[in-house]
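Engineer: Before I ask anything, here is the structure I am working with.
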Amino acid sequence: MADLRPANKNDLAILRRLDDRCFDEAWSEKIWLGWLSNPKRYRCWLLMEADVALGFLLFGVVLDEAELLRIGVDPARQGEGLAAAMLRTVQSGLAAQGVASCHLEVRESNYAAQRLYQHCGWTPSGRRRNYYAAEDGSEDALLFTLGLD
């Protein structure tokens, strides 16, 4: 049975390995240390099964708003509902901590992520034109919002 727990600086190596497996553009050690060094502003969770990291997610929190900055599930375990389970658990926890709304941005071409967010109650709320670099120029970011109150 997997356990979703808060992550901290001691989990840096685990998070970096998992981030590298999940994303073509993994974050550097410096970026991860920045997130993990400020737990009041940034909250990270790690999904573990025994000693194996299955997934993670990271939110930035300011007052009563949160922004989903990163979510990843080991490619070997994708399709099992782990991302949705993590997201729902953290959304409930953030609501209990007084967070009223959440926001995120996602590549327009990332249909799997969009389905995940909508499945977890997020709704489209806007667009940022030419936000992401792409092989053929740029790509729009779609914005999603979730009310927790």
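The values are calculated or read from the model by the stated rules, or taken from the named source; none is laboratory data. Being a predicted model, the structure only gives us computed values, none of them experimental. In this analysis, Cβ positions are derived from the backbone assuming ideal geometry, glycine residues included, and neighbour counts consider all displayed protein chains.
Engineer: Do we find that ALA66 is under 23 Å from ASP11 (Cα atoms), of a type in the set (A, V, I, L, M) and surrounded by 14 or more Cβ atoms within 10 Å (Cβ to Cβ) in this structure?
Structural biologist: So ALA66 passes the test.
Engineer: I'm trying to understand the selection: among the residues of the range 22-34, which are buried (at least 16 other Cβ atoms within 10 Å of the Cβ) and either more than 24 Å from ARG77 (Cβ to Cβ) or in contact with a strand residue (DSSP E or B) (Cβ under 7 Å, 6 or more places away or on another chain) (or both)?
Structural biologist: Result: CYS22, single match.
Conditions (1) surrounded by fewer than 13 Cβ atoms within 10 Å (Cβ to Cβ); (2) of a type outside the set (Gly, Ala, Ser); (3) within 14 Å of the chain's Cα centre (by Cα); (4) at pLDDT below 95, marked per residue:
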site: ALA85; (1), (2), (3), (4): no, no, yes, no
site: GLN91; (1), (2), (3), (4): no, yes, yes, no
site: HIS103; (1), (2), (3), (4): no, yes, yes, no
site: HIS119; (1), (2), (3), (4): no, yes, no, no
site: SER138; (1), (2), (3), (4): yes, no, no, yes
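Engineer: Give all pairs with beta carbons closer than 6 Å in which a residue from the range 53-64 that is within 13 Å of PRO6 (Cβ to Cβ) meets a residue that is part of a loop (DSSP other than H, G, I, E, B) and of a type in the set (Gly, Ala, Ser); count only pairs at least 6 apart in sequence or on separate chains.
Structural biologist: Hits for this filter: zero, empty list.
Engineer: I'm trying to understand the selection: among the residues of the range 106-134, which are more than 21 Å from PRO75 (Cβ to Cβ) and not in a strand (DSSP E or B)?
Structural biologist: GLU108, GLN118, GLY121, TRP122
Engineer: Considering the range 135-149 alone, what residues qualify as being of a type in the set (Asp, Glu) and assigned to a loop (DSSP other than H, G, I, E, B)?
Structural biologist: Residues satisfying the conditions are GLU135, ASP136, ASP149.
Engineer: Here is a follow-up. Sort out which residues of the range 35-57 are small (Gly, Ala, Ser) and surrounded by 13 or more Cβ atoms within 10 Å (Cβ to Cβ), and write them in order of number.
Structural biologist: Scanning the range 35-57 gives ALA53, GLY55.
Engineer: Further, regarding this structure: Out of all the residues in the range 1-35, which are of a type outside the set (Asp, Glu) and not in a helix (DSSP H, G or I)?
Structural biologist: MET1, ALA2, LEU4, ARG5, PRO6, ALA7, ASN8, PHE23, ALA26, TRP27, SER28
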